[in-house]
């Protein structure tokens with residue numbers, strides 16, 4: 001009989017699974033996240049750079065639990081958000097806009113500037129513009145963005 005099980009394309013020792021499961025029965029058991037980190041370390045679940053692959057390991061752990069091969073503490077309950085996510089508007093007035101031509105090609109000194117992070121001086125101006133002028137207003141934007 002094999003002392004390992006194949007799950008998510010990897011062989012995992014049943015002894016490791018038993019040890020991790022046994023820790024959940026201790027008087028002061030680790031949290032689920034700590035157990036998943038331990039699972040990653042003991043099974044060498046790492047990416048090419050040597051970082052722990054917590055996301056894919058979590059998928060594997062759920063499958064192992066479903067098959068009765070591993071027992072971990074239940075996930076910690078999530079607290080509901082106290083307020084809706086929205087773009088912060090500091091309330092300052094928007095910069096004055098000059099009279100603009102109908103075509104962007106007619107603006108001689110038009111340039112784009114990348115807002116690198118939240119500490120960029122133009123970041124608050126961008127937030128003001130989006131929260132006041134965008135059709136979704138202060139709703140959180142999704143996906144990758146360049147500002």
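The values are calculated or read from the model by the stated rules, or taken from the named source; none is laboratory data. Because the structure is predicted, anything quoted here is derived from the model rather than measured. Every residue, glycine as well, gets a Cβ built from its backbone with ideal geometry; the counts of neighbours run over all protein chains shown.
Laid out as a table, the results:
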read-out: Among residues of region 111-147, those that are assigned to a loop (DSSP other than H, G, I, E, B) and out of contact with any helix residue (DSSP H, G or I) (no Cβ under 6 Å at 6 or more places or on another chain), counted; value: 22
read-out: Matching entry among 23, 32, 66 (being surrounded by fewer than 14 Cβ atoms within 10 Å (Cβ to Cβ) and farther than 12 Å from residue 12 by Cα); value: 66
read-out: Selection status of residue 65, under 17 Å from residue 6 (Cβ atoms) and outside any loop (DSSP other than H, G, I, E, B); value: yes
read-out: Test: residue 16 is farther than 30 Å from residue 126 by Cα, in contact with a helix residue (DSSP H, G or I) (Cβ under 6 Å, 6 or more places away or on another chain) and not assigned by TED's automatic domain parsing to the domain that holds residue 128; value: yes
